[in-house]
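The values are calculated or read from the model by the stated rules, or taken from the named source; none is laboratory data. Since the model is a prediction, treat every value here as computed from it, not as a measurement. Every residue, glycine among them, receives a Cβ derived from its backbone with ideal geometry; neighbour counts consider all protein chains shown.
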Amino acid sequence: MAELSRSSKYRATPNAPLDDGERNRLVERLNTAYEAGEVSADEYPALLDTVFGATTLGEVAGVVEVLPGAATHDVPAIVEVGQGRPGELAEPRQPSGAMVAKVLAGGVVALVLLLVIVLALIL
């Protein structure tokens, strides 16, 4: 129920036409909010009338202010809920062949450098 920011399309372009797609999204959000108890039974019909009677974005700004915020992003794949319970560790993944080769190559390079240093100190 916070006031919309000036950058909101409902405030920034209040005279822009309200297309059917936007109207349908607002009706869906309004229905969801009503079902969740976030919009009262007294407010609901008036808000619907406002959405269906509006022709511009500015006319529905008051309705958008009443609605809870809409999700503007998807959940990143790395954060998606896994199969385990919260706090459980996931099964370890097997290292790829490329990773094993890089570690072995790094070990060989480190060993050669160590031998060069030891030989330089001895001679």
- prompt: In the stretch 36-90, how many are of a type outside the set (A, V, I, L, M) and modelled with pLDDT of 75 or more?
  reply: 19
message: Suppose we keep only residues that are polar (S, T, N, Q) and under 17 Å from GLU59 (Cβ atoms) within the stretch 1-36. Which one would you say is surrounded by the most Cβ atoms within 10 Å (Cβ to Cβ)?
response: SER8
- request: Output the residue which, of all residues in the stretch 21-57 that are hydroxyl-bearing (Ser, Thr, Tyr) and not in a helix (DSSP H, G or I), is farthest from ALA70 (Cα to Cα).
  value: THR55
- prompt: Does VAL108 qualify as being farther than 21 Å from SER5 by Cα, at pLDDT 95 or above and more than 30 Å from the chain's Cα centre (by Cα)?
  reply: yes
